[in-house]
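Working notes, beginning with the structure itself.
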Amino acid sequence: MPQPLLVPAKGDAFDFNLHAVYLWTATNMTFDELRLRAEALLPWAAGIVRERAVDLAREHEPHRAHDLEQALNNLLMHQRWPQEAHLPQFTVRLRVSLDERVRERLRPYWEQRIKLECDHELEKIRTRQADDLTRRWAAVLQNLQDEPVTAHAARLTGEQFAEVFHHYVAERRAIVPGLVELLREAVKGHNDLGLGPSEYTQAWDAALRAYERQQGLARQTR
């Protein structure tokens, strides 16, 4: 049908547009005869479809076109008109579109939703990139700190990087004595309490030894 069928939505303030596609079949009839008879019967067929659709459409809110489309097609998909087998019969498939006034009201909502979803995706990309960059720089700085030629290599990369790296290394080294002392006191404290070679004490002692080796610190006699 060139023009959609109009059926009222819930509340009767807006309409749904029903775009119908009819499939006509017949027996003992030529194609041209079937086509002519189907064209003559189209207004009658449209009336049948609209009559079946009105009550169901009134159960759906004006912006629920997709829900109505599914409900109508489920209702009509196995029905055939007319009942007389010797006459051309049709089945129908419907597509439902919104009233243009409803479409305009929905536009700001979808514009905002699209913007929010796009912003969310961009934020996830930024987060992944920042995490990747942080991990890469952490590896680079760790490698530089562990190399004996660190200071000279840093200077070759530029004055600003050399200065930043110098402060980074200095700050890390400044906290080492306090951390080592904390570990030592933890191990010593548990020994003083008579805990013996417990798993807890051994774990702290192993962590202390590993950290001292990494930082090039000699273990003091306690």
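Residues of the stretch 49-77 that are in contact (Cβ under 8 Å) with a residue 12 or more places away in the chain and over 13 Å from Phe16 (Cα atoms): Val49, Arg52, Ala71, Asn73, Leu75, Leu76, Met77. Restricting attention to the stretch 22-45, report how many residues are touching a Phe, Trp or Tyr at 6+ places or on another chain (Cβ under 9 Å) and open to solvent by less than 90 Å² (accessible area, probe 1.4 Å). Going through the stretch 22-45 one residue at a time, the tally reaches 9.
The values are calculated or read from the model by the stated rules, or taken from the named source; none is laboratory data. As the structure is a prediction and not an experimental result, all values here were calculated from the model. Ideal geometry is used to build each Cβ from the backbone, glycine not excepted, and the neighbour counts take in all protein chains shown. When the accessible area is computed, the model is the full protein with side chains, heavy atoms only, and any ligands, DNA or RNA have been set aside. Shrake-Rupley method; radii C 1.70, N 1.55, O 1.52, S 1.80 Å.
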